[in-house]
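Note sheet for the following structure.
Values quoted throughout were computed directly from the atomic coordinates according to the rules given, and no laboratory measurement underlies them. None of these values were measured; they are calculated from a predicted model. Every residue, glycine as well, gets a Cβ built from its backbone with ideal geometry; the counts of neighbours run over all protein chains shown.
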Amino acid sequence: MTNPTMTLISAQTLVSGSPTVTFSSIPSTYSDLRILISGRSNASQDRTQIYWYFNTDSSGSNYSYRRFIGYDNGSTTQDYLNNSTPSAVGSTGVPGATAGTAIFSNIEIYIPNYTSTTAKSYSMDWISENNNFTSWVLGMNAGLWSGTSAINQIVFTIDGTKNFVAGSNFYLYGIKNS
């Protein structure tokens, strides 16, 4: 049995607002990818949707995902199947300006076998809350990109004309079986 090793490929901490964050020139020397995000938006609402796509493929018809969400009232859940999200392999939320100060989301995305010549799957877990703990949403997503190229770029975008705020962190790790 081999022990996997994880190596930081790229880290981005925003020093000013930006509507997109891109990891490009992702090497094909790993078996899996792991992404960690601590993000926030400048939207005047509690949460803002973010989306991402692989390489230059922003065609919604090449992506599908299933999402399960739990809400703060403890009795509401949502099971959501989306077979064609425009311009996105998946989506999640980050806190907006009305969520209170210094509240950032926690998002983890895992992409196994990202260099394969078949469709690529991913899994994700995330949480977004507000400052007073009066509102939170947590979820898990599982998705698929039907592209057959190795993933060499991942682009994160934010809904509408909003920005990720300064201090948002994006980390890309490569995982290799040694």
Query raised in the report: What order do you get for 167-173, 21-27, 47-53 when each peptide is scored by the mean count of other beta carbon atoms within 10 Å, highest first?
Result: 47-53, 167-173, 21-27
Query raised in the report: So how far apart, in nm, are the two label points at Ser61 and Ala150 if each is 7 Å from Cα heading toward Cβ?
Result: 2.8
Query raised in the report: Short version: ³J(HN,Hα) in whole Hz for each residue of region 6-14, in order, from phi by Karplus 6.51 cos²θ - 1.76 cosθ + 1.60 (θ = phi - 60°), x for Gly and Pro, what are they?
Result: 10, 10, 5, 8, 7, 10, 10, 10, 6
Report summary line: Within region 3-37, the residues whose backbone N lies under 15 Å from a label point placed 7 Å from the Cα of Lys176 along the Cα-to-Cβ direction are 3-10, 26-34
Report summary line: Val15 and Ile127 label points (each 7 Å along its Cα→Cβ direction) are spaced in nm at 3.2
Query raised in the report: For a label point 7 angstrom out from the Cα of Thr117 toward its Cβ, which stretches of region 142-157 have the backbone nitrogen within less than 12 Å?
Result: 148-150
